[in-house]
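Trainee: Okay, here's the structure, questions in a sec.
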Amino acid sequence: MSAISNARLTLHSQLAALIRRKPVVAMPETSLKEAVQAMAENRVGSIVVVEPESGRPIGIFTLRDLLYRVAAVSCDLDQMLMSVMSDSGLLMLNWRSTVYQAALLMARHGVHHVLVVDASGKLAGVVSQDDIYELQSGGGKAISGAIRNAREMDGLVAAAEDIRRLAERMLAEGTAAEPLTQLISSLNDHLTVRIIELTKVEFALPKTEWCWLSFGSEGRFEQTLSTDQDNGIAFTAPADGAEAMRQAFLPFARAVNERLAACGFPLCKGNIMASNPELCLSVAEWQKKFQAWVQAGNPQALLNGTIFFDFRPLYGDEAITDELRAWLLGITANASLFLRQMAANALRVEAPIGVIRDFSFDKNEEFPHTIDLKASGSRLFVDVARILSLANGIGETNTAERLRALAERGKLGRDDIGAVIDGFYFIQQMRLRQQQGGTPAGIANRVDPDELNELDRLILKEAFKQAKKLQGRLQLEYRI
């Protein structure tokens, strides 16, 4: 992959774009000797065994298999590959899946490769952990490995601190906000997954499908250096069995929340955590809750929608969240009154651009003459992207990806969307800069424009103009 094409890829790119070359494959009847020769000639550590006619992968043979399944047992190189290949636990993703999904799948299973198949199930390529980390800082690979190998909390607490140090170093080196927030979210996800893995063995969890959910900025892959916990659990259960399952999940969820806090993710002051019985629900209960919010349309329901509708799966059975996402988009697409109420609520927050002066300021007495880059900045983009995505059946949760998907569908101007996204990420970059060095929470997202250099002030004002333009699209859509 060339440096130019590689630079255009992000963790939200489709896996098809990351495939470097045609995969090295063999038939089940291929001899072990021929397979090893093919691996040597192509300088690869594995070969995929596929069905002769369909091309679908049925097994894989690796150098590790050569050591433990062949050399340690016998040296018969004439035996067929199907007799020594690994055929269980093949990790496969559709080529339309994202690079991020592949990274998370590898982290969950402790492997270094994922097979990529096309729509018919035919092998299209193999993506490795190294392929993914070439999109990011090299330091991310070392931290991810440390997380994967951690056997106790001390190692994970150290890894959490390493994540923060790496993020601050990359920020100082000028890394752009989009790849940086993706890296922070990715490594924090790996950390959370490992905490869940180490914790679940200590509890007798119900034998049912379940999934750990992320909400808010974590659900949007937009974590910054200052973030608390926003999570929950969804599980399958019969109507009369949900309460018993919930009581079994709650002690486990409480332990995970406490261990995340030990790693530097404060317990949520609003109790938006999986240990809250109101957020440890069966799929049917989540649907009932979402439906009630959409029908109510009161201020609390609108606030809940801004937090919980940005959910995504982090650990467990993703089919649960796929089902929940499809159901939610099905009801919001026709919920015109609720969406209009959300739009009106979003438009109450205006871009802080002054009529006479460059900027306007809120009435915060503790930090006068400052702008809240979250509440009056990034939120403006996030809210519009969410509302239009819910209205148009777009399943992405990341703000930039939502905006790009809307542009692809003709719901936003393609010529303008690049400037809008650049404006959003400039504000995110400025937020990250403000949060360096453990800035207190009260001022972590605030900036005094007079303390910025002239160029940053000009770009910040332009970013707010892009937010105002985006809000104008929402205003036009709902005639507010």
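The values are calculated or read from the model by the stated rules, or taken from the named source; none is laboratory data. Source: prediction; values computed, not measured. Heads up, the Cβs are rebuilt from the backbone with ideal geometry, glycines too, and the neighbour counts pull from every protein chain shown.
Trainee: Name the one entry in 472, 423, 418 that is under 26 Å from the mean Cα position of the chain (by Cα), of a type outside the set (D, E, K, R) and exposed (fewer than 15 other Cβ atoms within 10 Å of the Cβ).
Mentor: Criteria check complete, one pass: 418.
Trainee: Could you please let me know if residue 249 is aromatic (Phe, Trp, Tyr) and either over 20 Å from residue 307 (Cβ atoms) or surrounded by fewer than 19 Cβ atoms within 10 Å (Cβ to Cβ) (or both)?
Mentor: Details: aromatic (Phe, Trp, Tyr): yes; either over 20 Å from residue 307 (Cβ atoms) or surrounded by fewer than 19 Cβ atoms within 10 Å (Cβ to Cβ) (or both): yes.
Against the criterion (aromatic (Phe, Trp, Tyr) and either over 20 Å from residue 307 (Cβ atoms) or surrounded by fewer than 19 Cβ atoms within 10 Å (Cβ to Cβ) (or both)), residue 249 qualifies.
Trainee: How many of the residues in segment 259-269 are in a helix (DSSP H, G or I) and surrounded by fewer than 16 Cβ atoms within 10 Å (Cβ to Cβ)?
Mentor: First, pick out the residues of segment 259-269 that are in a helix (DSSP H, G or I): 259-262.
From what is left, the residues that are surrounded by fewer than 16 Cβ atoms within 10 Å (Cβ to Cβ) are 261-262.
Here the count works out to 2.
Trainee: State yes or no: is residue 292 surrounded by fewer than 20 Cβ atoms within 10 Å (Cβ to Cβ), of a type in the set (Gly, Ala, Ser) and at pLDDT below 95? Working first, answer last.
Mentor: Details: surrounded by fewer than 20 Cβ atoms within 10 Å (Cβ to Cβ): yes; of a type in the set (Gly, Ala, Ser): yes; at pLDDT below 95: no.
For residue 292, the condition - surrounded by fewer than 20 Cβ atoms within 10 Å (Cβ to Cβ), of a type in the set (Gly, Ala, Ser) and at pLDDT below 95 - is not met.
Trainee: Take segment 427-462 and flag every residue that is touching an Asp or Glu at 6+ places or on another chain (Cβ under 8 Å) and either surrounded by 20 or more Cβ atoms within 10 Å (Cβ to Cβ) or of a type in the set (Ser, Thr, Tyr) (or both). Even if it seems obvious, please write down each step before you answer.
Mentor: Filtering segment 427-462 down to residues touching an Asp or Glu at 6+ places or on another chain (Cβ under 8 Å) leaves 428, 430, 436-437, 442, 445-446, 449, 457, 461.
Residues satisfying the conditions are 428, 430, 445, 446.
Trainee: Any residue that is among the small types (Gly, Ala, Ser) and part of a loop (DSSP other than H, G, I, E, B) - is there at least one of those in segment 276-296?
Mentor: So in segment 276-296, the residues among the small types (Gly, Ala, Ser) come out as 282, 284, 292, 296.
Pick out the ones that are also part of a loop (DSSP other than H, G, I, E, B) and you get none.
No, the conditions are met nowhere in segment 276-296.
Trainee: Quick one: which of 159, 142, 146 is touching a helix residue (DSSP H, G or I) at 6+ places or on another chain (Cβ under 9 Å), buried (at least 23 other Cβ atoms within 10 Å of the Cβ) and either assigned by TED's automatic domain parsing to the domain that holds residue 220 or farther than 20 Å from residue 129 by Cβ (or both)?
Mentor: When all the criteria are applied, what remains is 159.
Trainee: Criterion first (exposed (fewer than 13 other Cβ atoms within 10 Å of the Cβ), modelled with pLDDT under 80, more than 30 Å from residue 180 (Cα to Cα) and over 33 Å from the mean Cα position of the chain (by Cα)) does residue 77 satisfy it?
Mentor: Working: exposed (fewer than 13 other Cβ atoms within 10 Å of the Cβ): no; modelled with pLDDT under 80: yes; more than 30 Å from residue 180 (Cα to Cα): yes; over 33 Å from the mean Cα position of the chain (by Cα): yes.
So residue 77 does not fit the description; no.
Trainee: Do we have residue 125 as crowded, with 18+ Cβ neighbours inside 10 Å, modelled with pLDDT of 75 or more and assigned by TED's automatic domain parsing to the domain that holds residue 49 here?
Mentor: Details: crowded, with 18+ Cβ neighbours inside 10 Å: yes; modelled with pLDDT of 75 or more: yes; assigned by TED's automatic domain parsing to the domain that holds residue 49: yes.
Taking the combined requirement at face value, the residue satisfies it.
Trainee: OK, next. Out of (1) buried (at least 22 other Cβ atoms within 10 Å of the Cβ); (2) more than 16 Å from the chain's Cα centre (by Cα); (3) not basic (Lys, Arg), the odd one out for residue 399 is which?
Mentor: Residue 399 satisfies all of (1) buried (at least 22 other Cβ atoms within 10 Å of the Cβ); (2) more than 16 Å from the chain's Cα centre (by Cα); (3) not basic (Lys, Arg) except (2).
Trainee: Here's a follow-up. Here is a check on your reading of the model: is residue 272 surrounded by fewer than 22 Cβ atoms within 10 Å (Cβ to Cβ) and assigned to a loop (DSSP other than H, G, I, E, B)?
Mentor: Working: surrounded by fewer than 22 Cβ atoms within 10 Å (Cβ to Cβ): yes; assigned to a loop (DSSP other than H, G, I, E, B): yes.
So residue 272 passes the test.
Trainee: Right, another one. Among the residues of segment 355-368, what is the count of those that are surrounded by fewer than 12 Cβ atoms within 10 Å (Cβ to Cβ) and either touching a Lys or Arg at 6+ places or on another chain (Cβ under 7 Å) or of a type outside the set (Asp, Glu) (or both)? Walk me through it before giving the result.
Mentor: The first filter runs over segment 355-368 and keeps only residues surrounded by fewer than 12 Cβ atoms within 10 Å (Cβ to Cβ), leaving 355-357, 363, 365-366, 368.
Checking the rest, the ones that are also either touching a Lys or Arg at 6+ places or on another chain (Cβ under 7 Å) or of a type outside the set (Asp, Glu) (or both) come to 355-357, 363, 368.
Within segment 355-368, residues that are surrounded by fewer than 12 Cβ atoms within 10 Å (Cβ to Cβ) and either touching a Lys or Arg at 6+ places or on another chain (Cβ under 7 Å) or of a type outside the set (Asp, Glu) (or both) number 5.
Trainee: Shifting gears a bit: Do we find that residue 239 is surrounded by 15 or more Cβ atoms within 10 Å (Cβ to Cβ) and either of a type in the set (A, V, I, L, M) or in a loop (DSSP other than H, G, I, E, B) (or both) in this structure?
Mentor: no
Trainee: While we're looking at this one, here's another question. Take segment 165-176 and flag every residue that is touching a residue at least 60 places away in the same chain (Cβ under 8 Å) and either in contact with a Lys or Arg (Cβ under 8 Å, 6 or more places away or on another chain) or closer than 11 Å to residue 143 by Cα (or both).
Mentor: Across segment 165-176, the qualifying residue is only 171.
Trainee: Pairs please, first residue from segment 206-219 and in contact (Cβ under 8 Å) with a residue 60 or more places away in the chain and of a type in the set (Phe, Trp, Tyr), second anywhere and surrounded by fewer than 21 Cβ atoms within 10 Å (Cβ to Cβ) and not in a strand (DSSP E or B), Cβ atoms under 7 Å, 6+ apart in sequence or on different chains.
Mentor: Short answer, once both residue conditions are applied: 210/317; 215/272; 215/307.
Trainee: Look at segment 220-251 and say how many of its residues are in contact (Cβ under 8 Å) with a residue 60 or more places away in the chain, in contact with a Leu (Cβ under 8 Å, 6 or more places away or on another chain), closer than 22 Å to residue 427 by Cβ and not polar (S, T, N, Q).
Mentor: Residues in segment 220-251 being in contact (Cβ under 8 Å) with a residue 60 or more places away in the chain, in contact with a Leu (Cβ under 8 Å, 6 or more places away or on another chain), closer than 22 Å to residue 427 by Cβ and not polar (S, T, N, Q): 2 in total.
Trainee: Run residue 413 past the list (1) surrounded by 15 or more Cβ atoms within 10 Å (Cβ to Cβ); (2) within 23 Å of residue 342 (Cα to Cα) and report the number of the one that doesn't hold.
Mentor: Of the numbered conditions (1) surrounded by 15 or more Cβ atoms within 10 Å (Cβ to Cβ); (2) within 23 Å of residue 342 (Cα to Cα), the odd one out for residue 413 is (1).
Trainee: Also: Residues that are outside any helix (DSSP H, G or I) and either on the phi > 0 side of the Ramachandran plot or buried (at least 19 other Cβ atoms within 10 Å of the Cβ) (or both): does segment 340-351 have at least one? Show your work before the answer.
Mentor: Here is the first cut: in segment 340-351, the ones outside any helix (DSSP H, G or I) are 348-351.
Then drop every residue that is not either on the phi > 0 side of the Ramachandran plot or buried (at least 19 other Cβ atoms within 10 Å of the Cβ) (or both), which leaves 351.
The answer is yes; a qualifying residue exists.
Trainee: Next question. Give me a count of the residues in segment 146-168 that are aliphatic (A, V, I, L, M) and farther than 22 Å from residue 109 by Cα. Talk me through it step by step, then tell me what you get.
Mentor: Within segment 146-168, the first condition is being aliphatic (A, V, I, L, M), and the residues that meet it are 146-147, 150, 153, 156-160, 163, 166-167.
Within this subset, residues satisfying the condition of being farther than 22 Å from residue 109 by Cα are 166-167.
The number of residues fulfilling the criteria is 2.
Trainee: Filter segment 322-339 down to the residues that are surrounded by fewer than 18 Cβ atoms within 10 Å (Cβ to Cβ) and among the polar types (S, T, N, Q), then identify the one that is nearest to residue 460 (Cα to Cα).
Mentor: Checking each candidate, the answer is 336.
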